[in-house]
Structures are given as C-alpha cells and as structure tokens.
Amino acid sequence: METEQTKPPHRGLKKGLYLIPTAFTAANVAMGFLAVLSSVRGFQLLAPYPEQASIYFGYAAKAIAFAILFDTLDGRVARMTRTSTEIGVQLDSLADVLTFGIAPVVLMYSWAIGATFDEANSLHGFGVFVLFMYLMCGTFRLARFNLQGTRPRVLLEGTPKVDKKNFVGLPIPAAAGLIASIVYLHPQPLSTFGENLSNVYTLLMMILVAGLGLLMVSTIRYTSFKTTGGGRRSSYVFLIIAAFGMLIWSFPQYMLFGIASAYVAHGIVWYLLGFLSPKRKEIQSESSI
C-alpha cells in the first residue's frame with residue numbers, strides 16, 4: 001500500500017492530461033451533432049424561408065470546419081503529452097464517423113439533393129445512393145486507418161513500417177472539409193438557382209461526393225503533416241500557421257475552400273506525377289521484360 005511519501009509525484013497531473021485529448025474529441029462530436037441539427041432545421045425552412053435555411057446551412061458548414069480543428073488538436077495534444085491510448089484511437093474514429101461521415105451527408109442532402117430533386121425523381125434515389133456510398137467509403141477508410149495504426153504490433157515480424165508522413169487514401173476530415181467549404185462559400189440552397197441550373201449544380205455535387213468516396217478508399221498518398229514543425233523549422237511553421245490564420249480570419253469562405261481544394265488535389269497531382277518519375281519507368285520496363 002502506498003503512503004504519501006512513496007506515492008509518485010504528479011500522478012494526479014498525469015491522469016488529468018489524459019482528459020485533454022478526450023475533451024477535444026468531445027468537442028468534435030458536439031460539432032458534428034450541431035451540424036446535423038442545423039442541416040435538418042435548414043431543410044425544414046427550405047420552402048417557406050430559403051434565406052433562413054441558408055443561415056442554418058452556413059452554421060452546419062462552420063460546425064464541420066471547427067470539428068476538423070478539434071480533430072487535429074486531439075491527436076496533436078495526445079502525442080505531445082504522450083497520453084495516446086487504444087480507447088482514445090477508437091473513440092476518435094467513432095466521432096469521425098458522425099462528424100465527417102453522417103454530418104456532411106445530411107448537409108449535402110438538405111442543401112442540394114433533397115432541395116433540388118423530388119422523391120419521385122430517379123435522380124433523388126441515385127443521389128441518396130451516392131451519399132450512402134460516401135458514408136460507407138468513409139467508414140471503411142477509418143477502419144483501414146485503425147488497422148494500419150495497430151499493424152506494427154499485431155502482425156508478424158518483418159511487416160513494413162507504416163509511413164507516418166503520409167496517409168493512404170484521402171482522410172475523411174479532408175473530404176468533409178471540401179463539402180463543408182463549398183456550402184460555406186454559397187450557403188443558399190441549390191434549389192434557388194432555378195430548375196435547370198439547380199439540376200446541373202446538384203449533379204456536379206453528386207459527382208464530387210462520389211469522387212471523394214473513391215479517393216478515400218484509394219491507395220493515393222496524402223501528406224499527414226504529423227512530422228511538420230520539428231527541429232529548427234518549428235519557428236517557420238509557426239509563422240506560416242499565423243499567416244494562414246490571419247488570412248482565414250479575413251477571408252474565411254475563400255480561404256477554407258482554397259485550402260480544402262488544394263489538399264484534395266495535391267494527392268492526385270502527386271499520384272499522376274509519379275507515373276512520370278524515372279524510378280517508376282524503370283520498374284515498369286523491368287516488369288515487362
């Protein structure tokens with residue numbers, strides 16, 4: 001039995017540190033919850049008050065954007081304080097299913113598909129199918145991420161080490177962020193454009209959602225930024241973050257859309273440029289011999 005003299009110092013402080021990442025995860029869940037409620041409320045106000053509906057759609061988009069911030073911070077804080085736990089990893093993934101899977105689906109349905117197409121229209125059913133496949137792809141992406149995180153401990157010796165610099169497949173927060181940034185850029189429901197334009201824009205959004213789902217389950221690598229900011233470069237990274245923070249504060253709609261679009265596109269660009277690299281050409285020529 002431990003006495004006050006033998007009790008290790010700062011044990012209470014150490015236990016308290018484990019609550020900090022969990023608090024950020026809880027904030028992530030809260031933002032996803034608010035995004036769903038705002039999307040549903042906006043859908044209710046579509047017919048009588050479209051302007052009021054756009055306000056709620058904007059709330060939902062901003063809630064998803066804040067959730068991305070909280071989701072980034074909980075992992076960073078857990079690594080900095082060395083308070084990462086297995087239950088924390090699983091809890092974070094479950095939160096991401098709600099915030100970056102269900103919430104964007106409800107927002108996209110309320111803002112675009114449900115607002116434009118009547119339920120009797122076949123495109124309405126196809127749009128619902130696309131949203132479901134996005135949700136399934138995102139769930140699969142999170143399951144694969146958890147498996148890759150535990151792979152060095154559960155698989156046989158000699159398994160290649162997971163690359164911490166890159167994600168395999170588009171992360172689901174980035175996919176949700178692009179959807180939310182588009183809605184935040186134009187929160188007015190697509191049905192306000194008129195029948196012809198609204199149909200075209202909604203179809204384009206459905207194609208985008210389907211493409212994001214495919215990117216999530218692909219093997220295209222995306223930068224994780226987990227190793228960014230270490231060593232002597234930390235001061236430069238801080239300045240870059242401060243500059244981006246000021247730009248986002250001044251031009252939130254355009255900056256969030258630009259950042260989300262650039263992140264989604266950079267993995268595709270790197271993948272395509274990889275086919276032009278000399279090493280890939282050498283491998284292809286050797287395999288054809």
#### Entry: Qualifying positions in segment 115-145 - part of a helix (DSSP H, G or I) and in contact with a Leu (Cβ under 8 Å, 6 or more places away or on another chain)
Ala115, Thr116, Leu123, Tyr134, Cys137, Arg141
### Message
Which numbered condition in (1) under 26 Å from Val168 (Cα atoms); (2) modelled with pLDDT under 85 is the only one that Ala210 fails?
### Response
(2)
### Query
In segment 39-94, how many residues are of a type in the set (S, T, N, Q), under 19 Å from the mean Cα position of the chain (by Cα) and at pLDDT below 95?
3
### Message
So if I check each of Gly149, Gly138, Gly127, Gly114, which one is in contact with a helix residue (DSSP H, G or I) (Cβ under 7 Å, 6 or more places away or on another chain), within 29 Å of Phe244 (Cβ to Cβ) and modelled with pLDDT of 90 or more?
### Response
Gly138
### Query
With respect to Phe100, is the statement that it is surrounded by fewer than 23 Cβ atoms within 10 Å (Cβ to Cβ) and either modelled with pLDDT under 95 or closer than 20 Å to Leu214 by Cα (or both) true?
no
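The values are calculated or read from the model by the stated rules, or taken from the named source; none is laboratory data. Not measured: the values here are computed from a predicted model. Here Cβ is always computed from backbone atoms with ideal geometry, including for glycine, and neighbour counts include all displayed protein chains.
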